[in-house]
Amino acid sequence: MSVDQASWEAAVRHLFEDAYPYDATGPRRHEDWVLDVLALMARAVPDPRGWTGLDDAAQLPEREGSPTYPFAVHPPEYIAQRLHEIDPASAENLLLALTDDCCTLSNLRRFTESEEELRAMARTILARYGDEATYHTNVSRPGPVPGTLDFTTSHWGYRPLSDVYSEDCGLIIVSDTEVGMFWNFSDY
């Protein structure tokens with residue numbers, strides 16, 4: 001499935017505009033793609049295609065002292081040990097769960113579209129990165145098979161990358177040429 005800029009941007013905007021998102025894509029320049037994630041977190045690289053993501057914290061005064069805000073500054077090893085690889089179906093579900101707080105698929109009730117229409121939007125977002133992309137998250141909702149997430153369980157956790165918010169959950173998508181980051185922050 002190929003995707004165009006207008007479709008991709010519309011899907012990102014529609015799914016995440018009511019969350020507190022950081023949704024951005026940067027170039028993949030390193031074999032160790034965590035270095036590219038750090039560049040994304042610092043907003044140090046532009047989207048290689050010029051496509052627009054969402055960054056609710058971009059204009060906050062807190063960023064003056066910390067360009068990575070609301071992410072905390074950590075070395076690559078710290079970031080790498082907080083992420084684990086998941087399968088494409090779990091990545092699709094996770095994108096949908098990130099549309100609001102609590103990282104759950106019950107978030108879909110707030111939309112007027114059907115679940116299948118929302119899933120089509122998530123697949124549009126994922127399509128940008130190609131069939132060979134890998135998916136990584138800090139969310140722990142272990143499924144019955146290693147590398148899957150189970151959104152039917154009420155037991156879940158995450159390994160934070162922020163020291164500001166009580167919840168920060170996200171998905172990192174890695175292709176040969178790009179690294180995408182879809183993150184949601186919330187406070188309780």
Do we find that Asp168 is within 23 Å of Thr68 (Cβ to Cβ) and open to solvent by 50 Å² or more (accessible area, probe 1.4 Å) in this structure?
-> no
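Taking the residues in the stretch 1-24 that are under 17 Å from Tyr69 (Cα atoms) and either open to solvent by 30 Å² or more (accessible area, probe 1.4 Å) or outside any loop (DSSP other than H, G, I, E, B) (or both) as candidates, determine which candidate is modelled with the lowest pLDDT. Don't jump to the end; show me each part of the working.
Of the stretch 1-24, the ones under 17 Å from Tyr69 (Cα atoms) are 19-24.
In the following step, the residues that additionally are either open to solvent by 30 Å² or more (accessible area, probe 1.4 Å) or outside any loop (DSSP other than H, G, I, E, B) (or both) were identified as 20-24.
Numbers: Tyr20: 90, Pro21: 93, Tyr22: 95, Asp23: 97, Ala24: 97.
That would be Tyr20.
Give the residue that is farthest from Leu15 (Cα to Cα), with candidates limited to residues of the stretch 50-72 that are open to solvent by 60 Å² or more (accessible area, probe 1.4 Å) and more than 18 Å from the chain's Cα centre (by Cα).
Looking only at the stretch 50-72, we keep the residues that are open to solvent by 60 Å² or more (accessible area, probe 1.4 Å), and these are 52, 56, 59, 61-62, 64-65, 67.
The next check asks that each one be more than 18 Å from the chain's Cα centre (by Cα); those that pass are 59, 61-62, 64-65, 67.
Numbers: Gln59: 21, Pro61: 26, Glu62: 26, Glu64: 28, Gly65: 30, Pro67: 25 Å.
Taking the candidates together, the pick is Gly65.
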Subset of the stretch 92-109 that is touching a Ser or Thr at 6+ places or on another chain (Cβ under 8 Å) and assigned to a helix (DSSP H, G or I) - its residue that is surrounded by the fewest Cβ atoms within 10 Å (Cβ to Cβ) | Leu108
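Here's a check for you: in the stretch 25-49, which residue that is open to solvent by 50 Å² or more (accessible area, probe 1.4 Å) and of a type in the set (A, V, I, L, M, F, W, C) is modelled with the lowest pLDDT?
Looking only at the stretch 25-49, we keep the residues that are open to solvent by 50 Å² or more (accessible area, probe 1.4 Å), and these are 28-32, 35, 43-44, 46, 48-49.
Adding the requirement that they be of a type in the set (A, V, I, L, M, F, W, C) leaves 35, 44.
Numbers: Leu35: 98, Ala44: 95.
So the residue we want is Ala44.
Among the listed residues Ala80, Ala120, identify the single one that is at pLDDT 95 or above, outside any loop (DSSP other than H, G, I, E, B), within 18 Å of Ile172 (Cβ to Cβ) and among the aliphatic types (A, V, I, L, M). Give the steps one after another, and end with the answer.
Numbers: Ala120 fails: within 18 Å of Ile172 (Cβ to Cβ).
After ruling out the rest, the residue left standing is Ala80.
The values are calculated or read from the model by the stated rules, or taken from the named source; none is laboratory data. Source: prediction; values computed, not measured. Don't worry about glycine lacking a Cβ; one is built from the backbone with ideal geometry, like all the others, and counts go over all protein chains shown. The accessibility values were calculated without ligands, DNA or RNA, using every heavy atom of the protein model including side chains. Shrake-Rupley method; radii C 1.70, N 1.55, O 1.52, S 1.80 Å.
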